[in-house]
Amino acid sequence: MKKIISYVLFSAGIILVGLAVFYAMHVSSPLSQGGVSTGVDVPAIVAGYPLAQAQSGDSALESLKQLHVVDIPLVSAIVAEYGQKNATLWIAEASNEAQASELIKSMEAKIAGSGSGFTPIGVFQFQNRDVYMLNGMGQMHFYVQSGSKVFWLATIPEKAEQAMKELLAFYP
C-alpha cells in the first residue's frame, strides 16, 4: 500500500512540474518595469519562438517614436523580440479606441507614401478586424487595432500566418 501511495505522489509531482513548465512556456504574464506591472501582456511564444527580450515604459515609447513620428499621444508601449530576432512585436497604446483608430489611419497614410520601405499587400478581415499586411526588409509585417492598442508584428515569411493568428487570438 505504501508503494502505491509513493507512486501516486511521485506521478502527481511529475504532472505538476509538467503543468508548471507548460504554463511558463505558453502563458504570458504582464511585463514589469522595476517590479511594477505595465498592464500590457505579451505572448510568451510567437510562431514557436520564445520571448527573448522586451522593453516597456519610457524606453519602449522612445523606441517607437524613433521608428515613427507619432502625432497621437501614447499611454504606453512595449517592444518584444522573439527567438533570434525571428519576430518582433510592437505595441502602442493610445488613450482610447478613437485615438488608436487615428494611429492606424496615420500609419496607413505614411506607408502609402513613397520611401516607406514597405509594400502593402492588402487589408484583410480576420475576427471582425482589419489586418494590414505588408512586405519589407525581408519580413512580413502585420498591424491591427485591438481596442485602444495598436499591434505591429514583423516576422520571417514562413511563420507569418501562424504568428498573426496567434497574436489575434492572444489579443481578441
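Computed from the coordinates by the stated procedures, all read-outs in this text should not be read as laboratory data. Model, not experiment: these values are computed from the prediction. Positions of Cβ are backbone-derived with ideal geometry, glycine not excepted, and every protein chain shown enters the neighbour counts.
Of note:
- Within the shell of other residues whose beta carbon sits under 15 angstrom from the beta carbon of Tyr49, the net charge comes to -1, with Lys and Arg scored +1 and Asp and Glu -1.
- Taking 22 Å as the limit for the C-alpha separation, the pairs Lys85/Lys105; Lys85/Lys159; Lys85/Lys165; Lys105/Lys159 exceed it in the case of Lys85/Lys105; Lys105/Lys159.
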